[in-house]
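Quick one: the structure is below, questions incoming.
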Amino acid sequence: MVILSIENWWAAMEMLEKVFWGIALPASLIFIILIIATIFVGDVDDFDGGDVDAAVDGDEGVGFHFVTLKNMIAFFTLAGWSGIASIHAGHSTTTSIIISFACGIIMMSIMALLYYLMGKMTSSGTLDMKNAINGTGETYLLIPAKRGGIGKVQIKVQGALRTLDAITDEEEEIKTGNVIEVLDVTGTGILIVKKSK
């Protein structure tokens, strides 16, 4: 009896509404699974444009990732449900498609912004560059003399080995593999180093 009523309900729908239901139901199910997984397991980003924690640990900064698994699922979930609501509100096919697409993009943008801001909160204070001052490390990429360019050094800061940008005021370039000492940090977070004696 219930199956017959569902079949009748499905058969009475127009094709566009069937498409919206076909998008909304599976997307909502996956969205709920992702939320539960995030609550109990942690951040699920295996298929994303980049894991926030990995970006922070690698000193790449927290990027703004618009196209991610979570954002795409959010897009389809809201696009499907807003399309269904638009059809039931009596809007035309074109209007319903435009509304569903716009709502999906808005939801995707909100999700991307939220994850970006959460990543910024996670990364702020994680690495205090001032903790590198007086530390010693090794030149990873050649550092040009007299602040003629930016090189890279590998140095242990706050218990983790990191690869960071560095400049020098010395008369000679500091070659790869040389031991360096950190004198100061610029306002933009670049280490000022000298060749260690």
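The values are calculated or read from the model by the stated rules, or taken from the named source; none is laboratory data. Being a predicted model, the structure only gives us computed values, none of them experimental. As a convention, Cβ positions derive from the backbone with ideal geometry for all residues, glycine included, and neighbour counts pool all protein chains shown.
Quick grid of which residues meet (1) assigned to a strand (DSSP E or B); (2) surrounded by 13 or more Cβ atoms within 10 Å (Cβ to Cβ); (3) not basic (Lys, Arg):
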position	(1), (2), (3)
Ala79	no, yes, yes
Gly90	no, no, yes
Thr94	no, no, yes
Ser100	no, yes, yes
Ser109	no, yes, yes
Leu117	no, no, yes
Asp165	yes, yes, yes
Glu170	no, yes, yes
Gly189	no, yes, yes
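Moving on. Tell me, yes or no, whether the range 128-136 has at least one residue that is in a helix (DSSP H, G or I), more than 30 Å from Lys18 (Cα to Cα) and touching a Gly at 6+ places or on another chain (Cβ under 6 Å). Can you show your working first?
Initially, the range 128-136 is screened for residues in a helix (DSSP H, G or I), giving 129-132.
Adding the requirement that they be more than 30 Å from Lys18 (Cα to Cα) leaves 129-132.
Now narrow it down to the ones that are touching a Gly at 6+ places or on another chain (Cβ under 6 Å): 129.
Yes: the range 128-136 contains one or more residues that are in a helix (DSSP H, G or I), more than 30 Å from Lys18 (Cα to Cα) and touching a Gly at 6+ places or on another chain (Cβ under 6 Å).
Is it the case, given these coordinates, that Tyr140 is surrounded by 14 or more Cβ atoms within 10 Å (Cβ to Cβ), within 30 Å of the chain's Cα centre (by Cα) and assigned to a helix (DSSP H, G or I)? Please lay out each step first, then the result.
Numbers: surrounded by 14 or more Cβ atoms within 10 Å (Cβ to Cβ): yes; within 30 Å of the chain's Cα centre (by Cα): yes; assigned to a helix (DSSP H, G or I): no.
Against the criterion (surrounded by 14 or more Cβ atoms within 10 Å (Cβ to Cβ), within 30 Å of the chain's Cα centre (by Cα) and assigned to a helix (DSSP H, G or I)), Tyr140 does not qualify.
Which condition number in (1) assigned by TED's automatic domain parsing to the domain that holds Ser28; (2) over 25 Å from the mean Cα position of the chain (by Cα); (3) among the aromatic types (Phe, Trp, Tyr) is the one that Phe101 fails?
Going through the list (1) assigned by TED's automatic domain parsing to the domain that holds Ser28; (2) over 25 Å from the mean Cα position of the chain (by Cα); (3) among the aromatic types (Phe, Trp, Tyr), Phe101 breaks only (2).
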